[in-house]
1. If I take the rotation axis that carries chain B onto chain A, which residue of chain B has the nearest beta-carbon, and at how many angstrom?
2. When Cβ neighbours within 10 Å are restricted to other protein chains, what is their mean count per residue of peptide B:138-150?
3. What whole number of Å gives the distance from the Cα centroid of the stretch A:305-376 to the Cα centroid of the stretch B:324-356?
4. Between residue B:217 and residue B:319, what FRET efficiency follows from the Cβ-Cβ distance if R0 is 45 Å, with the result rounded to 0.05?
5. If R0 is 22 Å, what FRET efficiency do you get for residue B:435 and residue B:164 from their C-beta distance, rounded to 0.05?
6. At residue A:233 and residue B:360, where each label point lies 7 Å from the Cα along Cα→Cβ, what is the point-to-point distance in nanometres?
7. As a test of the definition: which semi-axes, in Å, follow for the protein assembly as shown when you take the square root of five times each eigenvalue of its alpha carbon gyration tensor? Largest first, please.
8. What distance in nm separates the two pseudo spin-label positions at residue B:8 and residue A:210, each 7 Å out from Cα along the beta-carbon direction?
There are 2 protein chains.
Amino acid sequence: MPRPKPLSGFPEFLPGDRIVEQRVLEVLTGVFELHGFGSIATRAVEPLEVLAGKGEIDKEVYVVRRLHAEDESTDRLGLHYDLTVPFARYVLENAGHLQFPFRRYQVQTVWRGERPQEGRYREFTQADLDIVGADTLGDHHDTEIVLAALDGFERLHTELGFPTVVMRVNNRKLSEGFYRGLGVTDTPAVLRIVDKLDKIGPEKVAAQLVSELGLSAEAAGQCLALAGIRTADETFVDRVRALGVTSDLLDEGLALLSELVRAANALVPGRVVADLSIARGLDYYTGTVFETELAGLESLGSVASGGRYDQLANDGKRTYPGVGFSFGISRMLVPMINKGLYGASRPVPTCVLVAVDDEESRGRAVEVATQLRARGIASEVAPKADKFGKQIRHADRRGIPYVWFGSAGSGAAGEVKDIRTGEQAPADPATWQPAPDAVRPQVRATPA
Amino acid sequence: MPRPKPLSGFPEFLPGDRIVEQRVLEVLTGVFELHGFGSIATRAVEPLEVLAGKGEIDKEVYVVRRLHAEDESTDRLGLHYDLTVPFARYVLENAGHLQFPFRRYQVQTVWRGERPQEGRYREFTQADLDIVGADTLGDHHDTEIVLAALDGFERLHTELGFPTVVMRVNNRKLSEGFYRGLGVTDTPAVLRIVDKLDKIGPEKVAAQLVSELGLSAEAAGQCLALAGIRTADETFVDRVRALGVTSDLLDEGLALLSELVRAANALVPGRVVADLSIARGLDYYTGTVFETELAGLESLGSVASGGRYDQLANDGKRTYPGVGFSFGISRMLVPMINKGLYGASRPVPTCVLVAVDDEESRGRAVEVATQLRARGIASEVAPKADKFGKQIRHADRRGIPYVWFGSAGSGAAGEVKDIRTGEQAPADPATWQPAPDAVRPQVRATPA
C-alpha cells in the first residue's frame, strides 16, 4: 500500500494527543458519574426514517448499505448525526426498563456529510448529558444539568489547566413572555430575527422586525433592548423590569433564569452570564438554553450547548420531556491540539523502561517489570539488548522518563535512572516510587 | 414515533449491563497501559480499496455514502470490519511520527454485514493490542503480548469474578517445519486441511491429506499425531521429538513455543496450553498463533485471538512486522449478559440520594450533594420533595444504596439511611463514608 493520506474531515490524533483526549473524557465522565449520570452506548446506525425529517440535517446523513446487498430497499440505515436522536429512540425502546427521571451520559462518534472546515468535521466525538422525565420533569433539573456541566469544565480547568468557561444562559420563556407582553403573537419569528443580531447587527434586526413582522419601531427597540441585556448575576431581572413589559410567562422565565444564575454562582462564581440574546438555532428548545465558550478561545464558538425540550420523545401514549447538554469534544480539542495549545508530557503510558543486559537474562527484566506493574507503575522491557546508551536513547525517543538497570544482578536491588535529570540511584522494584507527576502522562498547556 | 424495535445484529445494553462492559474495558485498558501500550482511535471509515481484496470479508463491508451525494464515484468509503486494517493504514500514514517498536491498544466498534446469530453481530466492539516493528521485530514480543493478554484476563478473573481462561497457543513455524521435515512442500495446504479436524474428524483429514496432497498414509498419520499433541507445559517438545521428524524450522518453532509456554506459566500457572492443532484461519499469520476460551463457556468460541504476522503493512520501502491480540468484547459480553451470568450491583453510578424536605430547601440538598461529590461519592438530589417514603422508594427503584436526610436542618449533620439494611445513623457530609463495596457499582457473577 502506498503511503496513505488523511481524509479531510476525519481527524485522527497521534498517540500523545490521543492521551489529551482520553484525559479530557476521563475527567468529564468522572464528573458526570459523580452527579449520578450513567453511561449508555447506542448503535451507530438508525433507520433512515428516524434520522429524516429534521430539515436542514437531512442532506448531511451518511447512508449505510452492505456492499453486496441483494435488494436496495432493505437495510435503509444511516449513521447517526447526533446523540439526541438515538437517545430518544433508546428511551422509547427501553422505557419499561428505565427509571425516570432517567439520567444518562453518552460519549460517541457522530457523522455528518458537511463540507469540512476548521471546527467542523465529518466524523467527530460528542459527549452528551441528559435528564429525561416521563410526562413531567421539574424545572430545577435545568439548574442541575448546568451545575454538572460547569463542574466538568471547572475540573478541566483545575486538573488539566484548560481555560475557564463563560456559559451564556437564557430562557425561551423569558424572551417569548416578553414578546407576548409587547403584543406580538408570532414569537418564534421574532426569535429567529433577533438570533441574527451577531451576523447582521441591530439596525437590520430592527428593520426586519418592523418590515417583516409589522412591529412598531418602539416594540422593535424593546426587543433589541432585551437582547442587549447581559449580566453576570441576577441584576438582569431589574433591567428587564425597567423596560416596563409584563406577562405571566415573562415572570416565569425571569424566575427560572435567576434561580439558575444564583445556583451557578453559588457553585462557581463568575462562570455564568445571563445573556438574553441567546436563542439557539434548533426549534425544539422550549425553556432554558445554554452556550459555552472557552475564555481566550472564543473563536472556537460554543463548545457545549443545550437546553430544555419539552418533547424529547413521544410514543403516542407518553411524552418524555428532557434537558441536556452536548459537549463538542472534537470541536474543542482538534483545534486546541492543532494550534499546539495543549499536549501530553509524554506520548506513552510507560513510566519505566527495564533495560536488558543480554537476551539470556530477558526473563529477569520481565520479572522486574511485572513487580512494578503490580504496584501500578506502567513498565515495558527494552526491545533489544543493545548497549545501555542505545537503550536509554530508545526510552528518550519514546518519552519514557525512567530506565531500570541491573535486573540480572543478584538480589532484588537494581538501579533506576531518571533520564530527564540524569540522576541514577539504587532501587528495589518492591518499594521504588516514581515522582508523582511521572506516574502517568500529564496533560498541560504548551508554553507559547 | 411508535415504540421502536431492536435491530437484529446491533446489540445495545441496558444501563446496568453497560456498567459491566465499562468495567471490563476499564480493567483491560488499565492492564494494557501498565504494559506500556498507548491508545489510538482511528476513524470508522476507510477507502473501499483499503478494505477490499481480503477475499471472504469483501462482501461483508458496509459502504457509506452521503444521502445526497452528487456523484456516485466520490467518497468510496466503507466502515472498517476490524481494527487491524485501519491500524496498518495508521502506521503507514504516521510512520514518521511513531517510535518503533510501536505498542498500541484500540477499543472501537467494527461493522460486518454478516447474517446475525448468537455471538455474531453486525456491529460489535473489539479491543486490539499490537506491537509493530519497523523492518524487524524480536520474537520475544510474541511472549510479551501473550503475557499482557493473560494479565488482562487474570484481572477480569480476580477483580470481576470472570471465568479463568485457557489460552491455546501454537506456532506456524513448528507446524510448517514439521511438514517440511516430512518432505511436504505445499505446507499451507496441509494446514488448511488439518484445520478442519474439529469439523470433519481425523479419518477424513487423513483421507484428504492422502487424496488431495498425495501424502503417504504414514505422513498423514504423522500430521494427525502432531495435531493431537496438547500439553500444559513444555513436554510437548519431547512428544514432537518422539515422532522422529526433524527440520531447522521445526527446531525454531519448538524453541519459540516452549519459551512462550514457560514464560506464561511463570506468570500465571495453568492458563496456557500448547495445542499443536491450532492454525487460525487467516493467511497472514506467520509465527505464533493464539486462541482463548473462557473455562465453562467454551461454547462462546475463542474470545481473544491473534498471532504474529511478518507483514502487517508495507509502504514499498519498509515492512512492518507485528504481533497482536484481538479481544472480542461484544462476542464475550453480549452472550454472558444475555444468559444472565454477570451483572452490576446497581444500574446507576449514584451512591447517595439526597432527600429534599421541600422545594424551598432544595438548595441545601444540592450543597450536601456537592460536598459528597467533592469527596468522590456519587450523589444526586431527589427529583421531587415527596413524602420521605416515596423518596426512599425512588432510590430503591434506581438501585441507589443510601438516602440522606435532614439537609435542611441547622448545622452540618444529617442522617443517612442504608436502604439495603434499613439502618439509619447521624452523618456529616464532610466525613461520612459509604461501605467500600457501595462506593461504585460492583460487577459480579449472578447466582444461578
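The values are calculated or read from the model by the stated rules, or taken from the named source; none is laboratory data. This structure is a prediction, so every number in the text was calculated from the model and none was measured. Glycine gets a Cβ as well: all are built from the backbone with ideal geometry, and neighbour counts include every protein chain shown. The protein model used for the area step is the full one, side chains on, heavy atoms only, and it has no ligands, DNA or RNA in it. Shrake-Rupley method; radii C 1.70, N 1.55, O 1.52, S 1.80 Å.
1. Its Cβ sits closest to the axis: B:64, 3.
2. 2
3. After rounding, the separation between the Cα centres reads 20 Å.
4. Once rounded, the FRET efficiency stands at 0.65.
5. Approximately 0.20, to the nearest 0.05.
6. Here the answer is 2.4 nm between the modelled labels.
7. Values: eigenvalues 586, 192, 147 Å².
Output for the protein assembly as shown: semi-axes of 54, 31, 27 Å.
8. Each label point is offset 7 Å from its Cα along the Cβ direction, giving 6.5 nm.
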